[in-house]
Every structure is written in C-alpha cells, then in structure tokens.
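As structure tokens, the structure follows; a few thoughts come after it.
The values are calculated or read from the model by the stated rules, or taken from the named source; none is laboratory data. Keep in mind the model is a prediction, meaning the values are calculated, not measured. When we count neighbours, we look across all protein chains shown, and the Cβ atoms used for this are built from the backbone with ideal geometry, even at glycine. Remember, those area values only see protein heavy atoms, side chains included, never the ligands or the DNA or RNA. Shrake-Rupley method; radii C 1.70, N 1.55, O 1.52, S 1.80 Å.
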Amino acid sequence: MKVRNSIRSLKNQPGSQVVRRRGRTYVINKQNPRLKARQG
C-alpha cells in the first residue's frame, strides 16, 4: 500500500507510530496526541 506524504512526515515526529488496523493505516502519537492521521 502506498503511504501518503502527509503520513510520512508525521511518521518522523518523535513518539509517533504507524499502525495498521483493519486494512487502514494510522499514525498515533502518545507524546503529542494531536498528531493523528488515517489513510484508507
């Protein structure tokens, strides 16, 4: 699955994780909960 550039840039933030759930790609961040993204 191609990952959008906006998700790629969020992935580089400190404390963020890329998670795949139910065929969707999420970015979650425990340190800064505002940094969330979803694709798919």
Q: Would you mind telling me which numbered condition in (1) in contact with a helix residue (DSSP H, G or I) (Cβ under 7 Å, 6 or more places away or on another chain); (2) β-branched (Val, Ile, Thr); (3) open to solvent by 40 Å² or more (accessible area, probe 1.4 Å) Thr25 fails?
A: (3)
Q. Restricting attention to segment 21-40, which residues are among the basic types (Lys, Arg) and more than 9 Å from the chain's Cα centre (by Cα)?
A. Arg21, Arg22, Arg24, Lys30, Arg34
(Q) Can you list the strands (runs of 3 or more DSSP E) lying wholly within the chain that have 2 or more residues being out of contact with any Asp or Glu (no Cβ under 6 Å at 6 or more places or on another chain) and of a type in the set (D, E, K, R)? (A) 16-21
